[in-house]
């Protein structure tokens, strides 16, 4: 069993279970919270990795907990945490962890149960990756098409949203918002005798439509994608699978994928209006979890992303490695710009800045799919895990850094100031682990200067997580 103590004094505390559900009306606060900041920063995190009989194998498979930092406009900050009440967690508690079926954790199954799974695939509803608003509903997501609805104020679980289930067995937890149509655009892989990629859009839990499809023999593992006003861009990692292996391989999901660098990275552009396949470009091999942004520059398309050297990052995020601290700075990715020419099938790559970057965020509401200047993200530097925050100016490659000794910062989220004009007029919010104190705090930075303006102390450590969203009041 892989158990790490909740009394660790370094970054490994971020991988210790946090099963306490709390609600605090006003957190201890230093600095000044802008009065215009009203709403809630809600993050989802793998918060329970250890069970009576066994632990999960991979960080991506921890049971999902919601954490909310609330802003009422009076200078105070509230806090609440609550587990998502999912089928996956209820089964994990009942079985002591033996039932867990996730990204890289395989359930303890008999041969008969494995054969049965060929006819009834097991898709987890452990929505621990990202959050979004769909119409009037709020959903938590993972890489299966079973989002979980929740109340953004109370964090109560409200049931499944099965409106995306017909598009494929694998989807992304990174849909894009189309403000003109009021839709979420996403991608799914339908696996079978004839597999295909499907780009689709959803306006609500009951309204969905297909935008584009593409047949594929060995589907790629794709964690995210990008859009521009005209195109949906799928980025095929050279990490691919024979769909039959997922059915009969007897391994955890991601263990069935093979790294084939000879394929390179293939970028497919689909016209969002007609569904037509516009063009495919190929880049030298790398592995990408997260895109940064994309935009059209005349007849060319520009695609920015965080590029890892290869798919070994997946193994480095196994729970045993993370809890032992053996991942080290190979966790960092290069911020890379790909120029996709109109008359060529070759992607031209260059680095955006001389710093590593992951968990990237931009001024999404005004810049997604359009030319932009700033990206915020996490950076490992020489540390054993993502530790500091960076702000990169993609026009000149300069960057600013926030860091403190033995403080480990999570994904930075930009919140624009109402009425602001400048791209970086607003605040950046990040949940930071203070390993010396054994607890976490919410950090607030002025987005323009990248200097601290306030922090609010949480009552306990918040386990490291992936993504969150700020939902305005």
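Derivation of every value follows stated rules applied to the coordinates shown; laboratory data play no part. Quick caveat, the model's predicted, so the values are computed rather than measured. Glycine also receives a Cβ, built like all others from the backbone with ideal geometry; neighbour counts cover every protein chain displayed.
Here the calculated FRET efficiency for residue 346 and residue 403, from their Cβ-Cβ distance with R0 = 45 Å, stands at 0.75, rounded to the nearest 0.05. Label-to-label distance, residue 76 versus residue 436, with points set 7 angstrom from Cα along the beta-carbon direction: 3.0 nm. Placing a label point 7 Å from the Cα of residue 396 along the Cα-to-Cβ direction, the residues of region 422-443 whose backbone N falls under 17 Å from that point are 423-424. Note on residue 451 and residue 154: the model spin-label points, each 7 Å out from Cα along the C-beta direction, lie 4.3 nm apart. Summary of packing: across the peptides 224-237, 333-346, the per-residue average of other C-beta atoms within 10 Å ranks them, highest first, as 224-237, 333-346. In this structure, residue 52 and residue 472 have a Cβ-Cβ separation that, at R0 = 35 Å, corresponds to a calculated FRET efficiency of about 0.30.
Here the spin labels are modelled as points 7 Å beyond Cα on the Cα-Cβ line, and at residue 300 and residue 217 they lie 3.3 nm apart. Coordinate range of the alpha-carbon atoms in region 244-357 per principal axis, descending: 49, 41, 26 Å.
Protection proxy ranking, highest mean first, for peptides 44-57, 288-301: 44-57, 288-301, where packing is the per-residue count of other beta-carbon atoms within 10 Å, averaged. Peptides 88-100, 382-394 ranked from most to least packed by the mean count of surrounding Cβ atoms within 10 Å: 382-394, 88-100. If you take the Cα centroid of region 167-200 and the Cα centroid of region 300-316, the two points sit 20 Å apart.
Residue separation times 0.36 nm, minus the C-alpha to C-alpha distance between residue 284 and residue 417: what's the value?
Extending this stretch completely gives an extra 43.9 nm.
Evaluated on region 384-426, the Kirkwood hydrodynamic radius is 12.3 Å, with distances taken between all distinct Cα atoms. For a paramagnetic label modelled on residue 277 (point 7 Å from Cα along Cα→Cβ), amide N atoms under 14 Å away belong, within region 219-237, to 219-220, 234-236. On the principal axes of its alpha carbon atoms, region 109-472 extends 55, 53, 42 Å, with the longest extent given first.
Among 239, 305, what is the fewest-to-most ranking by other Cβ atoms within 10 Å? Please list the in-between numbers first.
On the way: 239 21, 305 29.
With the fewest neighbours first, 239, 305 line up as 239, 305.
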